[in-house]
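The structure appears below as structure tokens.
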Amino acid sequence: MRSQEQDLFTLKNKVIVVTGATGVLGGSFVEAISKQGATVVLIGQNELLGEERAAFIRSQGGEALFLKANVLVEAELEVAKNKAVDTYGTIHGLVNGAGGNLPEGVLSPDQDVFTMNMEGMKKTMELNVWGTLLPVQVFGPAIAKSGVGSIVNISSVNSKRTVTRGLGYSMGKAAIDLYTKWFAVEMANRYGDAVRINSIMPGFFLTKQNKNLLTKEDGSLTDRGNLIIKNTPFKRFGSPDELTGALIWLLSDASKFVTGMDIGVDGGFTINTGV
């Protein structure tokens with residue numbers, strides 16, 4: 001029999017929406033959430049991969065539904081929300097996994113700092129900021145109505161320390177930090193403890209967006225990758241499944257008195273002075 005302490009971390013009978021569910025980190029998120037007993041609603045744009053991941057969860061005895069939607073298109077999110085509620089009756093949680101760096105939002109080493117691609121910076125910020133705010137606006141009312149809701153945003157160490165080149169991404173994640181705190185207070189003032197919002201601050205993980213920045217074609221590290229490892233006390237990149245412990249905790253009743261917090265999972269990167 002499970003102990004009371006173990007039951008705190010269960011997500012059984014909960015319906016959790018995950019945006020960016022077809023990404024590297026998103027794949028790890030949906031699998032972990034399903035293993036804790038939740039029904040998972042996968043939101044993404046890669047329909048083939050999304051359906052494949054949902055089918056795998058169902059093959060393992062879980063319940064999952066893939067819904068194709070762009071997090072920057074409110075109308076598509078509304079359709080997805082309505083479909084999820086029609087199918088499962090309610091929504092208890094949201095993981096804002098969509099986001100990331102974009103090539104046009106990166107300043108190359110040989111580029112003049114005064115000739116940055118401003119449209120590229122705006123596009124990167126839009127993906128990370130509005131790609132988080134819009135899902136909260138759309139799914140939030142249903143989550144609050146459940147009475148036991150939890151929203152988890154994805155921050156980054158780039159919002160805490162100066163990391164060269166990726167200005168658009170860093171600004172976007174810094175905005176998420178403030179938004180998480182601000183929205184936590186506003187929701188508490190209106191809904192009490194019925195719905196919480198927190199964020200996870202990942203360190204450096206190899207994803208589709210940053211793999212070419214951190215590793216070469218032969219798998220060895222780039223100069224940038226070596227600098228990151230040097231400044232990470234654990235001396236390695238993170239594995240996607242190492243984010244899921246914090247994620248499950250924030251979605252579960254084990255963290256029901258936690259809101260507006262940013263939980264670091266970075267191998268010590270943000271606390272390291274290099275001395």
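Residues in the range 227-248 that are surrounded by fewer than 18 Cβ atoms within 10 Å (Cβ to Cβ) and either free of Cβ contacts under 8 Å to residues at least 24 places away in the same chain or not polar (S, T, N, Q) (or both): L227, I229, K230, P233, F234, K235, R236, D241, E242, G245. Any idea which residue in the range 114-160 is farthest from S170 (Cα to Cα), counting only those that are among the small types (G, A, S) and assigned to a helix (DSSP H, G or I)? Ranking the qualifying residues of the range 114-160, first place goes to S146.
The rows are residues; the columns are (1) within 30 Å of D110 (Cα to Cα); (2) in contact with a helix residue (DSSP H, G or I) (Cβ under 6 Å, 6 or more places away or on another chain); (3) of a type outside the set (K, R).
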position	(1), (2), (3)
V157	yes, yes, yes
R196	no, no, no
K230	yes, no, no
F234	no, no, yes
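Any residue at all in the range 171-185 that's crowded, with 22+ Cβ neighbours inside 10 Å, out of contact with any Phe, Trp or Tyr (no Cβ under 7 Å at 6 or more places or on another chain), outside any helix (DSSP H, G or I) and not hydrophobic (A, V, I, L, M, F, W, C)? Within the range 171-185 (the criterion being crowded, with 22+ Cβ neighbours inside 10 Å, out of contact with any Phe, Trp or Tyr (no Cβ under 7 Å at 6 or more places or on another chain), outside any helix (DSSP H, G or I) and not hydrophobic (A, V, I, L, M, F, W, C)), the answer is no, since none of the residues qualifies.
Among the residues of the range 91-106, those identified as in contact with a helix residue (DSSP H, G or I) (Cβ under 6 Å, 6 or more places away or on another chain) and surrounded by 17 or more Cβ atoms within 10 Å (Cβ to Cβ) are I91, H92, G93, L94, V95, N96, G97, A98, G99, N101, L102, G105. When the residues of the range 161-170 are filtered to those that are over 16 Å from the mean Cα position of the chain (by Cα) and assigned to a helix (DSSP H, G or I), the one that is surrounded by the most Cβ atoms within 10 Å (Cβ to Cβ) is G168.
Do we find a residue being of a type in the set (D, E, K, R) and in contact with a Gly (Cβ under 9 Å, 6 or more places away or on another chain) anywhere in the range 62-73? First the steps, then the outcome.
Keep residues of the range 62-73 that are of a type in the set (D, E, K, R), which gives 63, 68.
If we keep only those that are in contact with a Gly (Cβ under 9 Å, 6 or more places away or on another chain) too, we end up with 68.
Yes: one or more hits.
Which helices (runs of 4 or more DSSP H) does the range 1-63 wholly contain that include 2 or more residues that are crowded, with 18+ Cβ neighbours inside 10 Å?
Numbers: elements: 4-7, 24-35, 47-59.
Once the helices (runs of 4 or more DSSP H) in the range 1-63 are filtered for at least 2 residues that are crowded, with 18+ Cβ neighbours inside 10 Å, what remains is 24-35, 47-59.
For the range 216-242, filtering for residues that are touching a Ser or Thr at 6+ places or on another chain (Cβ under 7 Å) and more than 21 Å from G26 (Cα to Cα) leaves 4. Checked against (1) surrounded by fewer than 19 Cβ atoms within 10 Å (Cβ to Cβ); (2) touching a strand residue (DSSP E or B) at 6+ places or on another chain (Cβ under 8 Å), V71 meets all criteria but (1). Which numbered condition trips up P240, out of (1) touching a helix residue (DSSP H, G or I) at 6+ places or on another chain (Cβ under 6 Å); (2) at pLDDT 95 or above? Failed condition: (2).
Cβ-Cβ contacts under 9 Å between residues 6 or more apart (or on different chains), taken from a first residue in the range 43-66 that is under 23 Å from K12 (Cβ atoms) and at pLDDT below 95 to a second residue that is of a type outside the set (F, W, Y) and not in a loop (DSSP other than H, G, I, E, B), are absent. Within the range 91-102, residues that are part of a loop (DSSP other than H, G, I, E, B) have Cβ atoms under 7 Å from residues that are of a type in the set (K, R) in these pairs: H92/K14; L102/K123, counting only partners at least 6 apart in sequence or on another chain.
The values are calculated or read from the model by the stated rules, or taken from the named source; none is laboratory data. Bear in mind the structure is a predicted one, so any value in this text is a computation, not a measurement. Please note: Cβ atoms are built from the backbone with ideal geometry, for glycine as well, and neighbour counts cover all protein chains shown.
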